[in-house]
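Values in this text are rule-based calculations from the coordinates and carry no lab data. None of the values given here were measured: they were computed from a predicted structure. Every residue, glycine as well, gets a Cβ built from its backbone with ideal geometry; the counts of neighbours run over all protein chains shown.
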Amino acid sequence: MRAIQVMFDTLKRNYLNAYEHSDVITPNFDRLQRKTVQFDNFFAGSLPCMPSRRELHTGRYNFLHRGWGPIEPFDDSMPEILKQNGVYTHLVTDHKHYWRDGGSTYHTRYSSYELIRGQEGDNWKAKVDKKMDVEGLDNLPDFAKKRKQASISQDLVNRTFMKKEEDHSLYRTVDAGMEFLNENKDADQWFLQIECFDPHEPFFVPEEYLHLYGLSKDDFNGWLQYSHDDFSPEKADVVKGYYKALLTMCDAYLGKVLDFMDENNMWEDTMLIVNTDHGLLLGEHEWWGKNIMPVYNEIAHIPFFIWDPKLGVQNETRNQLAQNIDIPATILEFFEVDLPEYMMGKPLSSVIESEEIIHDAALFGYFGSNINVVDGDYIYMRGPMPGREAELHEYTLMPMRMNRRFTKEELQGAELDNSFAFTKGISTLKMKTTDYMAKSYQRFGNKLFNYKEDPNQEKPLYDLEKEFEMITKLKELMKENEAPESQYLYYGLDRINSIEDLLEEHKTFDKKQEIVCENIKFSNHCVKEGYLAMVAIMKEEKVALLKADLEKTSEHNAVTDEHLKNWITEHIDKQDQGFIFYQLDLALRID
């Protein structure tokens, strides 16, 4: 038996016609749908890139114990297990994070690997004086601006070595995969992973594909700043158009793999999986990017396609809940290799064959941000508790971040911990952390959605019984996955053991709102909600100043939205105004 996994990074489900009506040109994804089983209720687990890839090796959630980092010494790695059981494993990838500190132990788990250089800000081609003009960084703080400037400048240098389509990373990655297939199409017992960084930003696209959407290479540099929506309609259309063009290019190269399988009768004995790590927001919910906002469906609800020649099911869909942690279990089972004891993912064969339910609920999220639970109909997003930041701990034996080692300050106070069975008797370092993807996530509050009836998640629900039911599922899954005790404290779950406890939490929250609203008259309910949104995201001293100013205003007039907007302009640093205006505008839209 043989297996091919074609993975695209940042593949948006709602831009594929196989899932939703779209103006994106993706004929080969349509063709893939007819050749495979399409999963309609498939979710990411740990986000973003390398946390997701750790799950694709281990079949376990990453985000409950640590942030971005390498494969750990105690981890079970699917490709390594295959290699140890006589299955040759080969990786071709242009995902630059594999050769940075925080991804440095992944590719070496394969029998062989080929790394394609040049994507994003990969330090590939040397130019000592990289003084390049970079637009769109005005709203970033200085430290982020400097880092982004360096990445974009390096990317622009790399692009000077990619003049033709065959120079592009996507071309070279798929071409390397095709080389493996040509060399080994008559061999048995191998697994090939073709992993493409595209359509992840920066959206660097040959003009042939841009022309399909009425664009040219000079319209946009392809770099997306993760932010609230402050684009003009014209700029938004250009950014979306670049993503669409790059997705159409990905579709064309997917077609090369499908053609090869057709021409060589590989559908008879070769598994095919096409997947992604996560999606992206392109203006939905008035957000761009990922990492800094709630993990809405456009990020977490992802496409997944699979052909299993042993089962022979194609051109069908499955609605059972599944996610990325199930992929390694599925591949191991296909090669008749026993699953490791601590792999939590389940093989998808029973779902394909008999539509068995393998998960009643599932978790997803970023380390340190909202923790999210999904079942067949509902999604519950729970934010960290204010003031509980000190409870957040990381557990690792590989103290590395995305592109650096842990600092000596981060390691101070670290202690050995042996709390977890999945570490197989090996103690890990336990340390307090403040380095995670997005801070102050409690500003978004807790959200409950019926995503079947409200797939765009536009109508949050207030339903105590359902919320408590989802919290119960959340805590059960955390226990099953050995979440550390600090996670329960960090999310305030230690306080919620009954509906009465949950009601008291709501009352406490309402009481805090009542206190900050005391002595202030509002022109309408929406203005009050806007004020509360501002209070949730500002520092205490700013909140006190705002409340005092609005109390003075209320002595003569009711507070209006214009009062709030003027106050932001006068009292908030310019670089922070945009996000606060965004939160205010969201609240002002409440009916």
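Brief remarks follow.
- The packing ranking of peptides 502-514, 471-483, highest mean first, is 471-483, 502-514, where packing means the average number of other beta carbon atoms within 10 angstrom of each residue.
- A cut-off of 5 Å between modelled amide H atoms, ignoring neighbours fewer than 5 places along the same chain, links V559 with K521, F522, S523.
- With contacts taken as Cα pairs under 8 Å and at least 6 residues apart, the chain reaches a relative contact order of 19 percent.
- Here the residues H200, H556, ranked from fewest to most Cβ neighbours within 10 Å of their Cβ, fall in the order H556, H200.
- Principal axis analysis of the Cα atoms in the stretch 518-588 yields extents of 32, 23, 18 Å, listed in decreasing size.
- Using only alpha-carbon positions in the chain, the gyration tensor eigenvalues give semi-axes of 40, 29, 24 Å once each is multiplied by 5 and square-rooted (largest first).
- Among residues other than K507 with Cβ under 11 Å from its Cβ, the summed charge is -4 (Lys and Arg +1, Asp and Glu -1).
- Couplings 3J(HN,Hα) of the stretch 111-123, computed from phi: 4, 8, 7, 10, 9, 9, 8, x, 6, 6, x, 3, 6 Hz, in residue order, whole Hz [Karplus 6.51 cos²θ - 1.76 cosθ + 1.60, θ = phi - 60°; x for Gly and Pro].
- Proxy reagent accessibility, fewest Cβ within 10 Å first, across K430, K290: K430, K290
- Helix-only [θ]222 nm of the chain, DSSP H runs n ≥ 4, -39500 (n - 2.57) each, per residue, nearest 500: -11000 deg cm²/dmol
- The angle between the Cα long axis of helix 142-159 and the main principal axis of the chain comes to about 30°, on a 0 to 90 degree scale.
- Simple rule: put +1 on each Lys or Arg Cβ and -1 on each Asp or Glu Cβ in the chain, find the dipole, and look at T36, I116, Y243; the Cα lying farthest toward the positive end is I116.
- Debye-sum result for the stretch 325-478 in log10 I(q)/I(0), which assumes one identical scatterer on each alpha carbon, at q = 0.14, 0.15, 0.16 Å⁻¹: -0.96, -1.06, -1.14
- Cα convex hull, the stretch 166-210: 77 Å³ per residue, rounded to a whole number.
- Taking 22 Å as the limit for the C-alpha separation, the pairs K125/K164; K511/K574; K125/K256; K512/K547; K127/K163; K479/K507 exceed it in the case of K511/K574; K125/K256; K479/K507.
- Whole-number percent relative contact order across the stretch 518-588, with pairs defined as alpha carbons under 8 Å at least 6 apart: 52
- Listed peptides 109-120, 162-173 by packing density, highest first (mean Cβ within 10 Å): 109-120, 162-173
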